[in-house]
Every structure is written in structure tokens, then in C-alpha cells.
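Here the structure is laid out as C-alpha cells; the discussion comes afterwards.
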Amino acid sequence: MPSFKDVYAVLPVSDHAAAVTWYERWIGRRPDTEPMEGVAEWRITGNAGLQVAHDPETAGKSTVVLVVEDIGETVGSLAERGWTAVRSRTSASSN
């Protein structure tokens, strides 16, 4: 198996500036780096991060799963920044 250094979820977008603004608000800070034009990266934890990349042809065709320690704390933090959490579906193990 290769020795991985970092893992990034790449989120292709059609409007890079608008997407960076949206993710800044959601994550709560500016990107950690913008390694090239049309790419913004946030280090999320340890060696994992999100990368927003201008790629109109594949924009909107990605999925990212983020696992948090405390969902209540996370929802509260997002609410403080103007976000509203909406429960859209449950997993098979939810009651």
C-alpha cells in the first residue's frame, strides 16, 4: 500500500469566488492555502482537507462525508454563524 501523506476531498465548482465565499462562511475561516489560481484548500483535521477547485464541467458532481465529534456542538456553532440545520434523511441505524 502507498504511504499517503494527505487526503483531500475535491469539490469542483463553476463559480470559484462564490464557492470560496460560501465555504469560508461554512467552515468559519479563510482557506489555509490557495496553491494555484482557481483552487482553495482548507485543512480540516490532521492530514485531511477540502479543496474547492474551479471545474465547471464536473461542478456539482461530488459527495463529501464529514464526521464530527459532537453534532449538537457543531449545529450550535453553525447556528451562531447564521446557518440552519435541516434533517433531510436518517441512516438505517437511526430511530
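Only the coordinates and a few stated rules stand behind these numbers; no lab work does. For clarity, every value in this text was computed on a predicted model and none was experimentally measured. Here the Cβ is made from the backbone with ideal geometry for all residues, glycine too, and neighbour counts use every protein chain on show.
The figures follow:
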| item | result |
| --- | --- |
| Approximate shape of region 43-84 as ellipsoid semi-axes (Cα gyration tensor, √5λ), whole Å, largest first | 25, 15, 10 |
| Antiparallel bridges, percent of DSSP beta bridges restricted to the chain (to nearest 5) | 55 |
| Dipole-positive endmost among LEU78, THR45, TRP22 within the chain (Cβ charges, Cα centre) | LEU78 |
| From the C-alpha gyration tensor of region 1-46, square roots of 5λ in Å | 21, 13, 9 |
| Helix-only CD estimate at 222 nm, as mean residue ellipticity for the chain, using -39500 (n - 2.57) per DSSP H run (n ≥ 4) | -7000 deg cm²/dmol |
| Cβ-placed point charges (K, R +1; D, E -1), dipole of region 19-83 about Cα centre in debye, nearest 20 | 100 |
| Ratio Rg/Rh [Cα only; Rh per Kirkwood] for the chain | 0.99 |
| Longest site-free stretch - the chain; sites: GluC sites (Glu not before Pro), DSSP loop, at most 14 other Cβ within 10 Å | 1-36 |
